[in-house]
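First up is the structure itself, then whatever we jot down about it.
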Amino acid sequence: MTQQIDYYFYSASPFTYLGHDAICAVAARHGAKLVYKPVDLFGVWEVSGAVPPPKRPAVRQRYRLAELERVADYRGLPINIKPAHWPVDATLADLSIVAVTAQGGDAGEYMGSLFKACWAEDRNIADEALLGELLTAAGHDAAAALDFAKSDAAKETRANNTSEAIAADAVGVPAYVLNGEVFWGQDRVEYLEHALTSGRAPIIVSQ
């Protein structure tokens with residue numbers, strides 16, 4: 001039976017960028033199905049108690065920047081830890097991924113290029129023209145995707161994804177849910193792969 005991994009993310013998250021290739025590779029190795037589910041990260045944070053980086057204590061802000069460089073080095077990825085266009089509203093970017101999925105496409109390649117645009121190329125992922133360029137480069141109908149991305153249906157899907165992530169106890173993004181067990185953070189990709197390899201029972205803690 002094909003395993004399903006629900007992949008919750010926010011397009012402007014650096015840790016989503018750093019974990020994207022890794023989770024895609026794990027899914028491919030195990031024949032698992034990745035279901036892409038962009039969320040309103042701020043809605044998730046309201047429940048988990050997290051705050052945006054600029055509102056965190058200075059020591060945590062410094063550690064976050066060091067961690068970005070450390071993970072990028074480990075995963076062999078380029079990164080600008082202080083990109084030109086961040087913070088950025090990634091709502092339309094998220095909704096464009098909803099659109100690709102709703103129209104039957106595989107958004108994985110597009111997502112990778114989108115995340116890289118923000119965190120390695122200093123491009124503005126709130127720019128609709130850039131989204132169109134990246135959609136086209138990934139083989140999607142940019143006009144149709146962007147049109148759907150602005151629909152109430154796309155917004156409702158993202159809102160439902162956010163509710164699902166909260167229900168699954170996602171603390172932040174990226175979060176991967178396998179058989180009801182949530183793995184939060186790109187540094188948990190290897191733990192998720194171990195769960196797939198071992199076939200162990202899900203670890204789920206109830207209140």
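All of the numbers you see were taken from the coordinates with simple rules; none came from a lab. None of the values given here were measured: they were computed from a predicted structure. Heads up, the Cβs are rebuilt from the backbone with ideal geometry, glycines too, and the neighbour counts pull from every protein chain shown.
Residues whose amide H falls under 5 Å from that of L34, counting only those 5 or more places apart or on a different chain, are I5, with hydrogens built in the peptide plane. Taking only Cα atoms and a 10 Å spring cutoff, compute GNM fluctuations for the chain and point out the largest among D152, D21, D40. Fluctuation is largest for D152. Assuming charge only on the beta carbon of Lys and Arg (+1) and of Asp and Glu (-1), the dipole of the range 4-198 about its Cα centre is about 600 debye to the nearest 20. If you plug the beta carbon distance of E67 and V171 into 1/(1 + (r/R0)^6) with R0 = 22 Å, you get a FRET efficiency near 0.90.
The candidate values are [x] 21; [y] 43; [z] 27; the one derived from this structure for percent of Cα pairs over 29 Å apart carries the label [x]. The modelled label-to-label distance for the pair K82/F42, using points 7 Å beyond Cα in the direction of Cβ, is 2.4 nm. Karplus-based coupling profile of the range 17-32, in residue order and whole Hz: 4, 5, x, 4, 4, 5, 5, 5, 5, 4, 4, 5, 4, 9, x, 8, with θ = phi - 60° in 6.51 cos²θ - 1.76 cosθ + 1.60 and x standing for Gly or Pro. Amide H contacts under 5 Å for D40: T162, restricted to partners 5 or more places along the chain or on a different chain, H placed in the peptide plane at 1.01 Å from N.
In terms of surrounding Cβ atoms within a 10 Å radius of their Cβ, T2, T197 rank from fewest to most as T2, T197. Where only DSSP H runs of four or more residues are counted, the chain gives -17000 deg cm²/dmol as its mean residue ellipticity at 222 nm, each run worth -39500 (n - 2.57). Residue separation of R29 and A159 scaled by 0.36 nm, minus their Cα-Cα distance, works out to 43.7 nm of gained length. For the range 1-87, just say rounded, prolate or oblate: build the C-alpha gyration tensor, square-root its eigenvalues into a ≥ b ≥ c, call rounded for a/c under 1.5, and beyond that prolate if a/b exceeds b/c, oblate if not. Oblate is the answer for the range 1-87, as a/c is 1.5 or above yet b/c matches or exceeds a/b.
Got a sec? Charge dipole of the chain, +1 on Cβ for Lys and Arg, -1 for Asp and Glu; which of A99, L68, F148 is way out at the positive end? The Cα lying farthest towards the positive end belongs to L68.
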